[in-house]
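Have a look at the structure below, then the notes.
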Amino acid sequence: MFDFSDLLRLLVSVFFILPTVSIIREAGYYLAAVLLGATNKYIVVGSGPVLFRFPSIEVRRYFFMTSWITYDEIQPDHKFWHILIYASPMLSNIIVAVIINSLLGAEILGGEIFWNTFLFYTFYFVLFDALPVYQPDGQPTNGRAIYDVIRHNHWHTSERSYDDPNHPAARTKEQEETIKNRDRDIERKDEA
């Protein structure tokens, strides 16, 4: 039964655990980008109006909703390194989860409910990031980006090559349908 303590756990999950897992995820990107010599690295946590920013990080009002990183091209520009970049957020979450799970198993960490919730969201992020699909806005998940590198020798860059309908890895029929439905819904909303 859902009670007041569950409501508190939900609020902690939304306003603390999800943003923390997002930051760990983006830190994986950031570390890989640093190691591969990328310049102009910039992490954005959340969506909506900017709450505050530092030279390489920006936090927005709805900080619990999404996150991403941008960077210039990496050096060396090779297939393996692009796969590493795409895998880095999943690897960072897995590494942190394994460490926390080990500390729980050794009974070093207390608050098992909190940490179990943390581990749940960590693996939730990994699972959905690993699925090789395109998102409704046309961007690939990291799993799809890795697939495109391996299968089509194509990596997604700031050029947004996934928006090029002539590229063999650009869009699936299902993705085209999703984008068409999204655009139709936006038009209907604008007409209302």
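With each run of n ≥ 4 DSSP H residues scored as -39500 (n - 2.57), what mean residue ellipticity at 222 nm is computed for the chain after dividing by its residue count and rounding to the nearest 500 deg cm²/dmol?
Helix contribution divided over all residues of the chain: -18000 deg cm²/dmol.
What are the extents of the Cα atoms of the stretch 28-75 along their three principal axes, listed from largest to smallest and rounded to whole Å?
That gives 33, 18, 13 Å along the principal axes, largest extent first.
Taking each full run of DSSP H in the chain as one helix, which ones are at least 18 Å long along their axis (Cα atoms) and have mean Kyte-Doolittle hydropathy of at least 1.0?
Numbers: long enough: 18-35 (26 Å, 1.12); 79-105 (38 Å, 1.41); 112-130 (26 Å, 1.03); 173-191 (27 Å, -2.73).
For the chain, where a helix must reach 18 Å along its axis and average at least 1.0, the hits are 18-35, 79-105, 112-130.
When N is the residue count of the chain, what does its C-alpha Rg come to as a fraction of 2.2 N^0.38 Å?
1.15
So which chymotrypsin sites (Phe, Trp or Tyr not before Pro) in the stretch 1-97 pass both tests, a DSSP loop state and at most 12 other Cβ atoms within 10 Å of the Cβ?
PHE2
Quick check of the Kirkwood formula: for the stretch 1-90, what is the inverse mean of 1/r over all pairs of different Cα atoms, in Å?
Roughly 14.3 Å, rounded to one decimal.
Could you tell me which of ILE94, HIS154, PHE16 has its Cα farthest along the dipole of the stretch 4-191 towards the positive end, charges placed at Cβ (Lys, Arg +1; Asp, Glu -1), taken about the Cα centre?
Selected residue: PHE16.
Taken together, the values in this text are just the output of simple stated rules run on the coordinates, not laboratory data. Since the structure is predicted, the reported quantities are computational estimates derived from the model, not experimental observations. Cβ atoms come from the backbone with ideal geometry, glycine included; neighbour counts cover every protein chain shown.
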